Every structure is written in structure tokens, then in C-alpha cells.
Amino acid sequence: MNTPQTACDLSAKKCVPCEGGVPKYSHAEAEAQLAHLPGWKLTHDGTRIRRDWTFKNFREAIKFLNNCGAIAEREQHHPDLHLEGYKNAWVEIFTHAIGGLSESDFILAAKIDAVAPQG
């Protein structure tokens, strides 16, 4: 059973590389964890998490996505990064090797939230 953690607790951790064999979060466990990560939602039948942002302009959206990419490289855990239109960005995270959610997905979400615009 995965116990929900605060965003602060999650962001203090490091992502752990996964080659499989890690148990997936259940839908209920993922929902409980998302209660500590406002703005993120479950997608793909509870196997991924996603958050959307709207920026003032293209430059701010690209800067944010570049920051997400830098975090992903440091953590060696890579989300799907999207830019729609010129100012709408969204990030989708899951652990590819298990086809679902692991603790690293929530760690990465917390770290992305730390660089995301507030409000």
C-alpha cells in the first residue's frame, strides 16, 4: 500500500529508474496521492497523471517546458511534454516500464510544480 505524501516530501526525493517489476499504484492510491498535488488529474484509466497550464505567450510556455525537460534529465524520468496553440502547455507522466504510475511519477510532478507559475 502506497501512503500519500505531501508535495514537499515528494520533491525532496529522487526519481528511481524503473525497468519493470515495481508495483503500480492502484486507482485509489493514485487519487489519494493527487489530493496532495493540486491541478494534476488521472488520465488513461488511472494509469497516467496530467496537468495543464496556459501562459501569457509562446516564450513563457517554451521556457516552462524547457525547465520541465531539465528536471526530467536530472531525475532521469521523462514525461510527455506538449505545446498546443502558442501558449497552452500540458505535461503527462507515467512509468513506461510498468504501464502505470509509480512513486517517481508523483515525485516528478511535485518537482515540476515547484517551477510552474502559481495562480
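Rule-based calculations on the coordinates, nothing more; no lab input. Source: prediction; values computed, not measured. A quick note on method: Cβ atoms are made from the backbone with ideal geometry, for glycine too, and the neighbour counts reach across all protein chains shown.
Looking at this model, which pairs from Lys87/Lys111; Lys14/Lys87; Lys13/Lys41 are more than 24 angstrom apart at the alpha-carbon? List each step's numbers first, then the result.
Numbers: Lys87/Lys111 21 Å; Lys14/Lys87 30 Å; Lys13/Lys41 21 Å.
Violating the 24 Å limit, Cα to Cα: Lys14/Lys87.
Which of the GluC sites (Glu not before Pro) across segment 1-99 are loop residues per DSSP, with 11 or fewer other Cβ within 10 Å? Intermediate values should be presented prior to the final figure.
Details: sites: Glu19, Glu29, Glu31, Glu60, Glu73, Glu75, Glu84, Glu92; in loops: Glu19.
When the GluC sites (Glu not before Pro) of segment 1-99 are filtered for loop state and at most 11 Cβ neighbours within 10 Å, Glu19 remain.
If I histogram all Cα-Cα distances within the chain using bins 10 Å wide from 0, what percent of pairs lands in each bin?
It works out to 14, 48, 31, 6, 0, in whole percents.
Below 8 Å, C-alpha to C-alpha, sequence gap of six or more: please give me the relative contact order for the chain in percent. It would help to have the intermediate numbers written out before the result.
Numbers: 182 pairs, mean separation 41.1, N = 119.
Relative contact order of the chain: 35 percent.
Beyond 20 Å, what share of the Cα-Cα pairs of segment 28-91 remains, rounded to the nearest whole percent? Numbers along the way, then the final one.
Working: 716 of 2016 pairs.
Of all Cα-Cα pairs in segment 28-91, 36 percent lie more than 20 Å apart.
So, R0 is 35 Å and r is the distance between the beta-carbons of Ala12 and His44; what FRET efficiency does that work out to, to 0.05? Present the calculation step by step, with values, prior to reporting the outcome.
Working: r = 28 Å, r/R0 = 0.79.
Working from the Cβ atoms, E equals 0.80.
Which angle from 0 to 90°, rounded to the nearest 10, does the C-alpha axis of helix 58-75 make with the longest principal axis of the chain?
For helix 58-75, the angle is close to 30 degrees.
Given R₀ = 25 Å, what would the calculated FRET efficiency be for Ala35 paired with Ala70, taking r from the Cβ atoms and rounding to 0.05? Could the numbers behind the result be given before it?
Details: r = 28 Å, r/R0 = 1.10.
Calculated value: 0.35.
How many nm is it between the label spots at Lys63 and His96, if each spot is 7 Å from the Cα in line with the beta carbon?
A separation of 3.0 nm, rounded to one decimal place.
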